[in-house]
Amino acid sequence: MMAWTDRHCRAFHRLLSNRALLYTEMVTTGALLHGDVERHLAFGQSEHPVALQLGGSDPAELQHSAKLAQDWGYDEVNLNVGCPSDRVQRGKIGACLMGEPQLVADCVAAMRDAVDIPVTVKCRIGIDRQDAYEPFAEFIDTVSRGGCEVFIVHARKAWLDGLSPKENREVPPLRYDMVYRIKRERPDLTIVINGGIDSIDACNDHLRHVDGVMLGRAAYQRPWLLAGVDSALFGDGRPMPTRDAVMGGLRDYAAQELAAGTALKHVVKPVFGLYHGQPGGRMFRRVLSESGHAPDAGLDVLDDALAAVKLAEQKAA
Ligand SMILES: Cc1cc2nc3c(=O)[nH]c(=O)nc-3n(C[C@H](O)[C@H](O)[C@H](O)COP(=O)(O)O)c2cc1C
């Protein structure tokens with residue numbers, strides 16, 4: 001998620017779940033052609049399995065970027081056909097491509113020609129006045145003819161004119177039924193559902209109808225949700241981590257990153273909500289957000305945040 005997630009966030013999420021597939025935020029083909037490739041693509045080995053999400057609509061540029069994804073070791077490359085922001089529309093990126101299924105199919109075909117890793121698409125159920133199921137199904141069919149076998153569907157349409165990106169994640173109603181139907185009618189495709197899913201129970205309900213679930217905001221805002229994923233969704237027999245063990249892993253990660261010159265604020269930003277709803281959770285967040293920002297912030301900030309939790313736990317006991 002742009003401006004929210006990055007490699008530090010994924011490293012943290014990986015401490016919570018061994019099995020969840022993690023996605024990068026969208027990286028545009030332009031950024032990879034003209035920008036700092038290493039800054040956009042570098043990631044830690046602990047993050048696997050991890051998918052690179054691309055934004056673009058030029059088949060040759062996407063082919064080049066997909067090759068980079070494979071060369072850098074990503075496990076999947078995903079094309080964004082869901083982002084509604086004005087800025088990306090001007091670049092013919094994101095949800096506006098729902099209106100150009102053949103172009104998306106050509107993009108997918110070009111990407112598939114260049115790589116062995118899976119090429120997947122994240123899309124919406126429609127754009128603007130398109131509410132019917134048929135154009136959505138036609139989009140899926142056309143793009144699957146281009147070679148895409150896995151679709152992650154944000155189960156609401158996007159209004160490209162008039163709604164902000166935030167409103168486009170909240171205002172158009174969720175139509176899970178359309179996502180279930182496409183799976184029912186195209187059983188050979190892998191269909192992953194996304195949008196408004198915020199508990200393990202909800203994931204399990206959706207999994208009765210589709211092949212996978214993608215969590216966005218809930219996983220970021222309440223990261224502890226991810227700790228239940230391996231056992232409850234993947235049937236993984238390993239014991240669930242504890243929050244304290246996750247903090248131990250994070251401390252090791254932070255030590256490595258500090259040594260490499262990363263400022264602590266980048267490492268702790270996705271961690272604020274780890275003790276959400278727990279004794280000391282608010283103090284934990286406050287210590288990280290206030291002290292973690294100092295340019296010379298070090299591991300003692302993590303220790304202080306954890307100490308605040310321990311104190312609150314003792315008081316609550
Ligand atoms: C701050 C923010 C940034 C986002 N950036 C991306 C992005 O880069 N690529 C993408 O496919 N979706 C992006 N999304 C959309 C989410 O992936 C997801 O589709 C949407 O939030 C609905 O799912 P949720 O209800 O589980 O959050 C973003 C969402 C937020 C809140």
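Let's see how each residue does on (1) surrounded by fewer than 16 Cβ atoms within 10 Å (Cβ to Cβ); (2) away from the ligand (no atom under 16 Å from the Cβ); (3) free of Cβ contacts under 8 Å to residues at least 24 places away in the same chain:
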{"position": "Leu225", "(1), (2), (3)": "no, no, no"}
{"position": "Gly237", "(1), (2), (3)": "yes, yes, yes"}
{"position": "Val246", "(1), (2), (3)": "no, yes, no"}
{"position": "Ala255", "(1), (2), (3)": "yes, yes, no"}
{"position": "Lys269", "(1), (2), (3)": "no, no, no"}
{"position": "Phe284", "(1), (2), (3)": "no, yes, no"}
Residue within the range 84-91 that is within 16 Å of the ligand (Cβ to nearest atom), assigned to a helix (DSSP H, G or I) and hydrophobic (A, V, I, L, M, F, W, C) present: yes
Away from the ligand (no atom under 16 Å from the Cβ), closer than 23 Å to Gly146 by Cα, free of Cβ contacts under 8 Å to residues at least 60 places away in the same chain and surrounded by fewer than 20 Cβ atoms within 10 Å (Cβ to Cβ): does that describe Ala60? yes
Among the residues of the range 47-60 satisfying the criterion of being touching a strand residue (DSSP E or B) at 6+ places or on another chain (Cβ under 8 Å) and assigned to a loop (DSSP other than H, G, I, E, B), which is farthest from Asp75 (Cα to Cα)? Gly56
Just to be sure, is Asp177 away from the ligand (no atom under 11 Å from the Cβ), under 30 Å from Val104 (Cβ atoms) and without any contact (Cβ under 8 Å) to a residue 24 or more places away in the chain? yes
Report, by residue number, each residue of the range 285-317 that is closer than 16 Å to Ala254 by Cβ, over 27 Å from the mean Cα position of the chain (by Cα) and not hydrophobic (A, V, I, L, M, F, W, C). Ser291, Pro295, Asp296, Gly298, Asp300, Asp303, Asp304
Can you tell me how many residues in the range 14-46 are surrounded by fewer than 20 Cβ atoms within 10 Å (Cβ to Cβ) and outside any loop (DSSP other than H, G, I, E, B)? 11
Please find, within the range 184-223, the residue that is nearest to the ligand (Cβ to nearest atom) out of those that are under 19 Å from Gln278 (Cβ atoms) and among the polar types (S, T, N, Q). Gln221
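Readers should treat all values here as calculations from the given coordinates under stated rules, not as data from a laboratory. Predicted, not measured: the structure shown is a model, and the values here were computed from it. Ideal geometry is used to build each Cβ from the backbone, glycine not excepted, and the neighbour counts take in all protein chains shown.
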